[in-house]
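These notes concern the structure reproduced below.
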Amino acid sequence: MIVIYRYNASTKKLTGTDVVADDYELKANETTVVCPDGLYEPSFDEAAQTWKGITKEEWEAKHPQQPVEPTTQQKLDAQTQIQLAQLMKQNKEQATLNARLTIDIASLKKQVAGDTKAAQ
C-alpha cells in the first residue's frame with residue numbers, strides 16, 4: 001500500500017490523498033512525493049518534483065481572524081444561565097435553612113412536651 005497525493009491540474013494545489021495498492025499506476029495530477037507536514041496551501045512543482053507552500057505565519061497574515069462577537073440571543077442565553085445558577089444556589093441554601101429550622105422546631109416541641117409533663 002502506498003499513499004498518493006492529488007493536485008489540481010491548473011493551480012497545482014493539493015486536493016487530497018489516498019491509499020492505493022503497490023501496483024497502482026499514477027494518473028495525471030497524482031504523485032507519490034510526500035507533502036511535508038506544516039506546509040500551508042501546498043502546491044506541487046512538477047518540474048522540481050517537490051511541494052511548495054507558505055508558513056503558518058504567512059497564512060495567518062493572509063487570513064486575519066476577526067473577533068467573534070456573540071449575538072444578542074447568545075448574550076441573553078448567558079445571562080439566563082447565570083441567573084439559573086444563582087437561583088439554584090439560593091434554592092440549596094433555602095433547603096439547608098429549612099432542614100435546620102425543622103430540626104429546631106422538633107427540638108423545641110420535644111422540650112415543650114417535656115416541660116409540660118414536668119409541670120403536671
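The values are calculated or read from the model by the stated rules, or taken from the named source; none is laboratory data. Bear in mind that the values here come from a model prediction, so they are computed numbers and not experimental data. Cβ placement follows ideal geometry from the backbone for every residue including glycine, while neighbour counts extend to all protein chains displayed. Each accessible area value is taken on the protein alone, full model and side chains, heavy atoms only, with ligands, DNA and RNA left out. Shrake-Rupley method; radii C 1.70, N 1.55, O 1.52, S 1.80 Å.
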The computed P(r) of the chain puts the percent of Cα pairs beyond 16 Å at 78
Taking only Cα atoms, what is the 0 to 90° angle, nearest 10, from helix 72-119's long axis to the longest principal axis of the chain? 20
Inter-site label distance for GLU57 and ALA99 at 7 Å from Cα along Cβ, in nm: 5.9
With all protein chains present and a 1.4 Å probe, the order of THR11, THR31 from largest accessible area down is THR11, THR31
Projecting the Cα atoms of ASN29, GLN111, THR50 onto the charge dipole of the chain, where Lys and Arg contribute +1 and Asp and Glu -1 at Cβ, the residue farthest towards the positive end is GLN111
